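**Q** My questions will all concern the structure given below.
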Amino acid sequence: MAQCLRQRVGLLRILSGQSCSSPSTIIFPLQQYNSSSLPSKTLFSPGRSESTVASNQLDSLSSSDSDDDHHQVLDFPGGKVGYTSEMRFIPESSEKRVPCFRVLDDNGELIKGSDFQQVMDSVLYEAQRQGRFSFYLTTIGEEAINIGSAAALSADDFILPQYREPGVLLWRGYTLQQFANQVFANKADDGKGRQMPIHYGSKKLNYITISSPIATQLPQAVGVAYSLKMEKKDACAVAYTGDGGTSEGDFHAALNFAAVMEAPVVFICRNNGWAISTNISEQFRSDGIVVKGRAYGIRSIRVDGNDALAVYTAVQAAREMAISEKRPVLVEALTYRVGHHSTSDDSTKYRTLDEIEYWKTERSPINRFRNWVERQGWWSEQEETELRSSIKKQLLQAIQVAEKTEKPAITELFSDVYDVPPSNLAEQEKQLKEIIQTYPQDYPTDVPV
């Protein structure tokens, strides 16, 4: 739907049109949103340790102390530090949670004063369940983060994804046939069949190939961003991760690295409530992810990840800050993983069907965005039906083509690493071919030797 709108009336113009003020003038208006504006039924409950007294102490930590200290300060590296004669501990959490920025309400209506189920997933998921390829995971419930952020970025920006960002790649021009070629690992696959399914990558589209280990892309993104800074490029690096990724050491190393090096990188965390079967309440006691940025000296914002316009607005502003001010920015997007973690998971074992259904129907980011564009007169039920039918036909055809396309030759396992393969690699290739010839029944017959 977003693609059709972009072609017809220009989505970037829509998102920055008369209904919303210019994103370039946006300052994150966190104070405008209080807890009463948030949904009453939410997965993201406050931490268990709360203290009004501690909260008041935290608010006053930056204020000057009594005259007994003679207003003396410590001129310490990084900035002056005031003294106090009162022993005060910074509390583990504040009473008031960081608010969540959004533009559309739950019904897809523009909020007064605001600045403004994927077909591919369904078809490819079913193809995997039929045993036609080995692995798949969906982005159902998190589509607004994909499309909203993709629309806010430039083609020159480098994307370092986790594995739930195919919409970003689709937005940049990756075709349905290319997606199908990758999951079927045929010789038309850009990765030559070496990667697991859904581990997409495109040098042409500045989309760094996905790697399975969690959060490894985060420190790499800082390096990419610092390179762009050195070359004085008008671009930034954008790294995606899930809430589970923030429990990895690489997340903390990356944030500290980015802050110290003043790297133009935007970290986008999809806080969808679950790291496979581990709920966020069992991952951390902090107020989500957004507060972690401040600890490393990084400007941060929490955004409604099911509001495409809010995601677009926040990410565009974050990108502008990252590039113009040479600084990292952290964006926490609150959303929900409606689908199973992957085809290797059954999420009904650790969460209720009622919870899944609530987020699937009542808080669907697609329905919310669709309600908004229909109210503007840019979309209709008929166009929706026709588009879904067309996309499904295109995808089924792409799957048929990909499935019939020859697999990469076994020699591709050993290419593209060395200009001149070393002797030990050449020996391994020779041994593998001999083993296949000796035990052909144990190896796929459709892989050329």
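**Q** Hey, how many Å between the Cα centroid of the range 203-257 and the Cα centroid of the range 418-437?
**A** Going from one Cα centre to the other spans 34 Å.
**Q** State in Å² the accessible area per residue of the range 311-449; use a 1.4 Å probe, count heavy atoms of protein chains only, and round to the nearest integer.
**A** 57 Å²
**Q** Of the listed peptides 389-399, 285-295, what is their order by residue-averaged count of other C-beta atoms within 10 Å, with the highest listed first?
**A** 285-295, 389-399
**Q** Another question, if that's okay. Of the listed peptides 315-321, 239-245, what is their order by residue-averaged count of other C-beta atoms within 10 Å, with the highest listed first?
**A** Per-residue mean Cβ counts within 10 Å order the peptides as 239-245, 315-321.
**Q** Hey, another quick one. Leaving ligands and nucleic acids out of the surface, order MET196, MET120 by accessible area at 1.4 Å, largest first.
**A** MET196, MET120
**Q** Assigning unit charges at the beta carbon (Lys, Arg +1; Asp, Glu -1) and nothing else, what dipole magnitude in debye, to the nearest 20, does the range 395-444 show about its Cα centre?
**A** 160 debye
**Q** Please work out the Cα center distance from the range 315-366 to the range 384-410, rounded to the nearest Å.
**A** So the two Cα centres are separated by 27 Å.
**Q** How large, in percent, is the carbon and sulfur part of the accessible surface of the range 148-304 at a probe radius of 1.4 Å?
**A** 53 percent
**Q** Along the range 401-407, what does the Karplus equation 6.51 cos²θ - 1.76 cosθ + 1.60 (θ = phi - 60°) give for ³J(HN,Hα), rounded to whole Hz, x for Gly and Pro?
**A** Residue by residue, the range 401-407 yields 5, 5, 5, 8, 6, 4, 6 Hz.
**Q** Now, a different point. Hey, could you grab the Kirkwood Rh for the range 98-185? Inverse mean 1/r over distinct alpha carbon pairs, Å, one decimal.
**A** 15.2 Å
**Q** For the range 290-437, take the convex hull of the Cα atoms, compute a quarter of its surface area, and give me that in nm², please.
**A** For the range 290-437, averaging the hull's shadow over all directions gives 17.5 nm².
**Q** Run the dipole for the range 115-159 about the Cα centre, Lys and Arg Cβ at +1, Asp and Glu Cβ at -1, nothing else charged, and hand back the magnitude in debye, nearest 20.
**A** Dipole of the range 115-159, to the nearest 20 debye: 380 debye.
**Q** Taking loop as defined by DSSP and a crowding limit of 16 other beta carbons within 10 Å, which chymotrypsin sites (Phe, Trp or Tyr not before Pro) in the range 319-384 fit?
**A** TYR350, TRP378
**Q** For the range 259-275, in order, what is each residue's ³J(HN,Hα) by Karplus, 6.51 cos²θ - 1.76 cosθ + 1.60 with θ = phi - 60°, in whole Hz (x at glycine and Pro)?
**A** 5, 5, 7, 6, 8, x, 10, 10, 8, 10, 9, 7, 7, 9, x, 9, 9
**Q** I'd like to compare 417-423, 298-304: which one has the highest average count of other Cβ atoms within 10 Å, and what's the full order after that?
**A** Listed from highest to lowest mean packing, they are 298-304, 417-423.
The values are calculated or read from the model by the stated rules, or taken from the named source; none is laboratory data. The structure displayed is predicted, hence computed values, not measured ones. With ideal geometry, Cβ positions are generated from the backbone for all residues, glycine too; neighbour counts draw on all protein chains shown. SASA here: full protein model, heavy atoms, side chains in, ligands and nucleic acids out. Shrake-Rupley method; radii C 1.70, N 1.55, O 1.52, S 1.80 Å.
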